[in-house]
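The values are calculated or read from the model by the stated rules, or taken from the named source; none is laboratory data. Everything numeric in this text was worked out from a predicted model, so none of it was measured. A quick note on method: Cβ atoms are made from the backbone with ideal geometry, for glycine too, and the neighbour counts reach across all protein chains shown. Remember, those area values only see protein heavy atoms, side chains included, never the ligands or the DNA or RNA. Shrake-Rupley method; radii C 1.70, N 1.55, O 1.52, S 1.80 Å.
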Amino acid sequence: MTETAAAAEGIFRKALNDEQYAAVTAPDGPVFVLAAAGTGKTRTLVYRVAYLVEKGIDPSRILLLTFTNRAAREMLDRAERAAGRAVSGLWGGTFHHMANRILRRYAPLLGFKPDYTILDRDDSVSLIREIISRLKLKDKRFPKAEVLMSFHSAAANGGAALRDYVQARLDGAAVDIEDVLRVYSGYADRKAGLGAMDFDDLLLNGLRLFKEHGEVLRRFQEQFLHVLVDEYQDTNPIQAEWIDLIAAGHGNLLVVGDDFQSIYSWRGADYRNILSFPERYPAAALFKIETNYRSTPEILQIANRCIAGNPGQFQKTLRAVRPSGARPSLAVLRDGEHQARYVVEQIGNLRRSGVALKDIAVLYRAHFHAMDLQLALVRERLPHVVTSGVRFFEQAHIKDACSLLRLLNNPSDEIAFARFLQLFPGIGPRTAARIWAKLNGRVELDTPARRKLLFDCLPPALQAEWPPIQDIMAAYHDQNLSEDPGEAIHLFLEAFYAGHLAEQYDDPQHRMDDIQELIFFTSDFESNADFLGEMALISNLDAEAETLARESKDSVRLSTVHQAKGLEWKAVFVLWLGDGLFPSSRSISEQGNDSEERRLFYVAVTRACDRLFLCAPQVRRAADGSCNFLAPSRFLTELPQNLMRTERIPYL
């Protein structure tokens, strides 16, 4: 061994633990690195690059595939510092970036010019919108361009037949599938005419290039002596096949991933890619990295125990480096409001003990699970940022549902009138304004004669669909629905809005869940007027809270577990740990088992460094104001009680 090589080995030994060092210095051939949460996955990849360069491998013969360009840049910068020399020339970036780089050179083989245009999502949506208009399909019953683009992308990334995917997603909607397919055909023609590819085409055409033109594939198989892949558990079928083809030349493929953190099946990620790796590469050397630097032993005990319940996985046990800390807390609470009060109180305690708000996160399975907490944080003027979506009452579908209540409550509410009427086919801003003018700026709905005045102003096509809406308006005034705004929303959902959601959004069920949560919320009020007054107050406080969060560099983070992957905080709260909510009964039904939900819980737990708070409300309000009792999440009941400090918080 030369003096330089010996010095380099010394640096690697000092910088890496034994598990990481073994993976970094693995011999040539296929290498399978299972890096559990918080174990230094990025560090391992970085030093593998540095190790290869130190061995004399030309950086231009290394391909590093990541899921964000930022991750690639960070890895290359760190690899350069670790190697003590330039790694310029290395091909590093996302799958889309690499496919584009190759296609720029060989696009003519697929009928494109080298200077083809890449359409961003807005470009693609605009083209689809144009085709919908040209085919005269532009009415509110036909899916929006954004929805069709989302379906197109999901089918492409998941390797599904477009017709089958669209039929499944629009099942029950009043839409002709053949019309949808005509739009997609027109979209393909327009892209071809423009000499353009959309984001998904980059992957599809990158794979097509290799499969149809063996000489191109062989050229890159020869160039890339080593292929390294980050977050392998998140690859979709197209990406996995592309990797297999390009690595087949020299066989030096190293993938790093964690099957325990495969939670993106809804994005097209295929869990089977990582599970089948040993079968596709039977000679692969396996390395497990299980030493965790993030969390206390007590938190890791929870993580290890919960994930052990999943069948068909690569067993790993997280081992803590950090000293012992506080046992995770399990708070048994009455309902969502009680849960919110508890979290706010604990945030105050953490803050007083020296934990900054920016080091605290509240995680949940679905966006609507955070509504009670958002309201509590707003009222307490605690700076917080909601990264799982728009604040609850600012969401379009919540405003849509409330527009009917506002109109029923205040006949002079022109804004509510315009928003409500424009939900229906054939009604745009100008038509709504014209009808409002005909009604002399006031929509009285409390008698049959006054409701008929509105009906007579509507276009004939809308009149045919209006009777169910008229019935709701009649019930509001004649059956005291003014004292039960939730029932009015429920009737509107059944009569019209559920179908509208299915046709206009790519996530209708999630929006239905939000509206159901809104219905629960209305049960706290004695009248529609009381509810609307409180909602207006909350909206104003929400705006203040948003300003406060922007001005403050210290804010609590509210996030779904999906969006929290890869991040960490000193203290983490996990909400609504009740069976049917977390785990989600819908997800279990769609997946056929609870495996992905269990992985989601594992990801939530392993975001916590020092403190973990698990919240288990026992009651969930029903739309009629009654209570549904929740069984504790199976992920809690499976845990030995001595792993947690259980607190039954009194409801005061």
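Select from the stretch 257-280 the residues that are in contact with a strand residue (DSSP E or B) (Cβ under 8 Å, 6 or more places away or on another chain) and either at pLDDT 95 or above or not aliphatic (A, V, I, L, M) (or both) and write down the one among them that is surrounded by the most Cβ atoms within 10 Å (Cβ to Cβ).
The extreme case among them is 258.
Go through the stretch 20-38 and report how many residues are open to solvent by less than 40 Å² (accessible area, probe 1.4 Å), out of contact with any strand residue (DSSP E or B) (no Cβ under 6 Å at 6 or more places or on another chain) and of a type outside the set (S, T, N, Q).
5
Which residue pairs have Cβ atoms closer than 6 Å, lie 6 or more positions apart in sequence or on different chains, and pair a first residue in the stretch 30-58 that is of a type in the set (S, T, N, Q) with a second residue that is surrounded by fewer than 24 Cβ atoms within 10 Å (Cβ to Cβ) and in a loop (DSSP other than H, G, I, E, B)?
Nothing qualifies.
Read through the list (1) buried (at least 23 other Cβ atoms within 10 Å of the Cβ); (2) in contact with a helix residue (DSSP H, G or I) (Cβ under 8 Å, 6 or more places away or on another chain), then give the number of the only condition that residue 300 fails.
The failed condition is (2).
Looking at the stretch 88-102, can you tell me whether even one residue there is surrounded by fewer than 16 Cβ atoms within 10 Å (Cβ to Cβ) and outside any helix (DSSP H, G or I)?
yes
Just a yes or no: is a residue in the stretch 375-393 of a type in the set (Asp, Glu), assigned to a helix (DSSP H, G or I) and open to solvent by 20 Å² or more (accessible area, probe 1.4 Å)?
no
Picking from 365, 419, which residue would you name as being at pLDDT 90 or above, within 30 Å of residue 579 (Cα to Cα) and basic (Lys, Arg)?
365
Restricting the search to the stretch 136-162, which residues are assigned to a loop (DSSP other than H, G, I, E, B) and farther than 17 Å from residue 126 by Cα?
141, 159, 160, 161
Among the helices (runs of 4 or more DSSP H) contained in the stretch 566-639, which hold 3 or more residues that are free of Cβ contacts under 8 Å to residues at least 12 places away in the same chain?
Counting at least 3 such residues, we get 585-591.
Only one of 209, 181 is out of contact with any Lys or Arg (no Cβ under 7 Å at 6 or more places or on another chain), part of a helix (DSSP H, G or I) and modelled with pLDDT of 90 or more. Can you tell me which?
Step by step, each of 209, 181 is checked, and only 209 is out of contact with any Lys or Arg (no Cβ under 7 Å at 6 or more places or on another chain), part of a helix (DSSP H, G or I) and modelled with pLDDT of 90 or more.
If only one of 187, 165 is among the hydroxyl-bearing types (Ser, Thr, Tyr), open to solvent by 20 Å² or more (accessible area, probe 1.4 Å) and modelled with pLDDT under 95, which one is it?
165
Can you name the condition, by its number, that residue 17 falls short on among (1) open to solvent by 10 Å² or more (accessible area, probe 1.4 Å); (2) touching a residue at least 60 places away in the same chain (Cβ under 8 Å); (3) within 31 Å of the chain's Cα centre (by Cα)?
(3)
Of all residues in the stretch 275-293, how many are farther than 20 Å from residue 261 by Cα, not charged (D, E, K, R) and not in a strand (DSSP E or B)?
Final tally of qualifying residues: 4.
In the stretch 241-256, how many residues are surrounded by 21 or more Cβ atoms within 10 Å (Cβ to Cβ) and either in a strand (DSSP E or B) or of a type in the set (Gly, Ala, Ser) (or both)?
Number of matching residues: 5.
Can you name the number of the only condition in (1) open to solvent by 20 Å² or more (accessible area, probe 1.4 Å); (2) in contact with a strand residue (DSSP E or B) (Cβ under 7 Å, 6 or more places away or on another chain); (3) small (Gly, Ala, Ser) that residue 283 fails?
Result: residue 283 fails condition (2) only.
Yes or no: the stretch 545-564 includes at least one residue that is within 24 Å of residue 345 (Cα to Cα), among the acidic types (Asp, Glu), within 25 Å of the chain's Cα centre (by Cα) and at pLDDT below 80.
The answer is yes, given that some residue of the stretch 545-564 is within 24 Å of residue 345 (Cα to Cα), among the acidic types (Asp, Glu), within 25 Å of the chain's Cα centre (by Cα) and at pLDDT below 80.
How many residues does the stretch 479-498 contain that are assigned to a helix (DSSP H, G or I) and either touching a strand residue (DSSP E or B) at 6+ places or on another chain (Cβ under 6 Å) or open to solvent by 30 Å² or more (accessible area, probe 1.4 Å) (or both)?
8
Has the stretch 103-114 got at least one residue that is touching a Gly at 6+ places or on another chain (Cβ under 7 Å), among the aliphatic types (A, V, I, L, M) and touching a residue at least 24 places away in the same chain (Cβ under 8 Å)?
yes
Quick check: anything in the stretch 39-61 part of a helix (DSSP H, G or I), surrounded by fewer than 19 Cβ atoms within 10 Å (Cβ to Cβ) and touching a strand residue (DSSP E or B) at 6+ places or on another chain (Cβ under 6 Å)?
Within the stretch 39-61, not a single residue is part of a helix (DSSP H, G or I), surrounded by fewer than 19 Cβ atoms within 10 Å (Cβ to Cβ) and touching a strand residue (DSSP E or B) at 6+ places or on another chain (Cβ under 6 Å).
I'm told residue 344 meets every condition in (1) part of a helix (DSSP H, G or I); (2) surrounded by 19 or more Cβ atoms within 10 Å (Cβ to Cβ) except one. Can you identify the failing condition by its number?
(2)
Does residue 469 meet the test of being in contact with a His (Cβ under 8 Å, 6 or more places away or on another chain), on the phi < 0 side of the Ramachandran plot and open to solvent by less than 10 Å² (accessible area, probe 1.4 Å)?
In short, no.
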